[in-house]
Amino acid sequence: MDRKPITRKALPAILCALTVLGATLSPLQAQEDRSQRKVRTALEVYRELVDLPEKKIPAKLLSEARCIAIIPSVIKGAFVWGGKRGRGVMTCRQEGGWSPIIFVKLSGGSFGFQIGGESTDLVLFFLTDRGVRSLLTSKLVLGGNASVAAGPLGRTAEIGTDARLKAEIFSYAKSRGVFAGISIEGARLAADHAWNTGYYGSRVWPDEILFGETKPQAPAGMNAFLAALP
């Protein structure tokens, strides 16, 4: 079949169509790139925490954690965290390994002490499913409908102190390259449905991913993240 040459008259319509197509694809591509970068950054944060040269996270905490949430870059250019936002990833233990990830968003709340630096990375270890299920039904208020305590550091550090026996979540924060256990009160954690839909390419249900039989196809980078967990 003979191909007709593109005429000057048809060229503007073709360029317009390509512009519309590019505008449609660009947000999708940008969302994918942001999601994958977030997963890679979360993996880096976790590795830095567990590879601390001096004080280590207790092995008991790593082995008993039911779920892990990692929220990189919660703070930017602030000394007291209040009204700030962050976005990260969460996974929970299932039979045979860790669940696929979901994206979560953090807002509000305050640290237990002032902490400086351009950004703060946050890691949460959940010892029970209750707090996570509360997050999935609405929003989880740290220190409200789920008790939270500063995470212990040191291989032989005790988890079961009086303040920690009641804790369902242990939290760690990194600022200026230094990790510390930190208590967070009033922060709200919720599933990020828009990012989850963009990451998996269709509407997904976070509770089914974390606790159910749903096994969506793993986008790039997720398997490496899950393989690094204990």
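The set of residues in region 201-230 being in contact (Cβ under 8 Å) with a residue 24 or more places away in the chain and in a helix (DSSP H, G or I) consists of Pro206, Asp207, Ile209, Leu210, Phe211, Met222, Ala224, Phe225, Leu226.
No other residue among Ile57, Ile115 is more than 21 Å from Glu185 (Cα to Cα), modelled with pLDDT under 90, assigned to a loop (DSSP other than H, G, I, E, B) and among the aliphatic types (A, V, I, L, M) apart from Ile57. Residues in region 182-200 that are free of Cβ contacts under 8 Å to residues at least 40 places away in the same chain and among the acidic types (Asp, Glu): there are none.
The values are calculated or read from the model by the stated rules, or taken from the named source; none is laboratory data. This structure is a prediction, so every number in the text was calculated from the model and none was measured. Ideal geometry is used to build each Cβ from the backbone, glycine not excepted, and the neighbour counts take in all protein chains shown.
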